[in-house]
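The block underneath contains the structure these notes are about, expressed in structure tokens.
The values are calculated or read from the model by the stated rules, or taken from the named source; none is laboratory data. Predicted model, so just to flag it, every value in this text is computed and none were measured. Note that each Cβ is placed from the backbone with ideal geometry, even for glycine, and that neighbours are counted across all protein chains shown.
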Amino acid sequence: MSHVREVRDLGDGRSHWVVDGPAGIRLGGNAVITQYIPDEVFAWKSEPGATVQHAGIIRFEPMRDGGTRVHVRLSYNPPAGAVGHSIAWLFGADPKQQMDDDLLRMKTFVETGVLPHDAAAVVQQTH
């Protein structure tokens with residue numbers, strides 16, 4: 001994801017995220033896994049206090065041809081709600097377009113195995 005700068009594993013299904021916001025402002029917060037069934041579903045939500053409240057669920061559907069259809073549902077509530085979204089747009093940030101672009105990059109990575117040139121560096125797990 002092009003706007004993600006850091007993801008740290010906090011243990012117990014929790015992680016800390018740092019992302020680039022509008023005008024280069026760094027935003028951060030913790031998220032927790034809410035559902036995980038291997039090869040079927042992965043879901044998460046932000047914890048209270050996160051700058052940007054968000055949630056998501058990814059479902060994996062096996063196809064008859066041996067492929068997999070991936071269903072992604074993401075939601076977010078920027079700081080200051082609709083006003084914050086408008087301010088982000090004024091600074092040239094379009095969160096929906098960024099998510100669409102990131103999903104396309106992920107699809108390309110999954111299909112080709114080639115890591116995007118601007119992929120974030122792996123950060124070691126901390127406890």
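Checking the conditions here, which among V122, V72 is modelled with pLDDT under 70 and of a type outside the set (D, E)?
Working: V72 fails: modelled with pLDDT under 70.
So the residue among V122, V72 that is modelled with pLDDT under 70 and of a type outside the set (D, E) is V122.
Suppose the filter is modelled with pLDDT of 85 or more, touching a strand residue (DSSP E or B) at 6+ places or on another chain (Cβ under 7 Å) and closer than 19 Å to F109 by Cβ; does T34 pass it? Walk me through it before giving the result.
Details: modelled with pLDDT of 85 or more: yes; touching a strand residue (DSSP E or B) at 6+ places or on another chain (Cβ under 7 Å): yes; closer than 19 Å to F109 by Cβ: no.
No; evaluated as a whole, the condition is false for this residue.
Could you count how many residues in segment 46-67 are of a type in the set (V, I, T) and in a strand (DSSP E or B)?
Going through segment 46-67 one residue at a time, the tally reaches 2.
Consider segment 1-19. How many of its residues are part of a strand (DSSP E or B), of a type outside the set (S, T, N, Q) and within 12 Å of the chain's Cα centre (by Cα)? Even if it seems obvious, please write down each step before you answer.
Residues of segment 1-19 part of a strand (DSSP E or B): 4-11, 14-19.
When the remaining residues are screened for being of a type outside the set (S, T, N, Q), the result is 4-11, 14, 16-19.
Now narrow it down to the ones that are within 12 Å of the chain's Cα centre (by Cα): 4-7, 16-19.
Looking only at that region, the number is 8.
If the requirement is being on the phi > 0 side of the Ramachandran plot, out of contact with any Leu (no Cβ under 8 Å at 6 or more places or on another chain), surrounded by 10 or more Cβ atoms within 10 Å (Cβ to Cβ) and at pLDDT 80 or above, which of these qualifies: G13, G113, G28? I'd like the intermediate steps shown before the answer.
On the way: G113 fails: surrounded by 10 or more Cβ atoms within 10 Å (Cβ to Cβ); G28 fails: on the phi > 0 side of the Ramachandran plot.
Every option except G13 fails the conditions.
For G56, are the conditions met, namely being within 20 Å of D102 (Cα to Cα) and either of a type in the set (F, W, Y) or at pLDDT below 95 (or both)? Before the answer, list the steps.
Values: within 20 Å of D102 (Cα to Cα): yes; either of a type in the set (F, W, Y) or at pLDDT below 95 (or both): yes.
Yes, satisfied.
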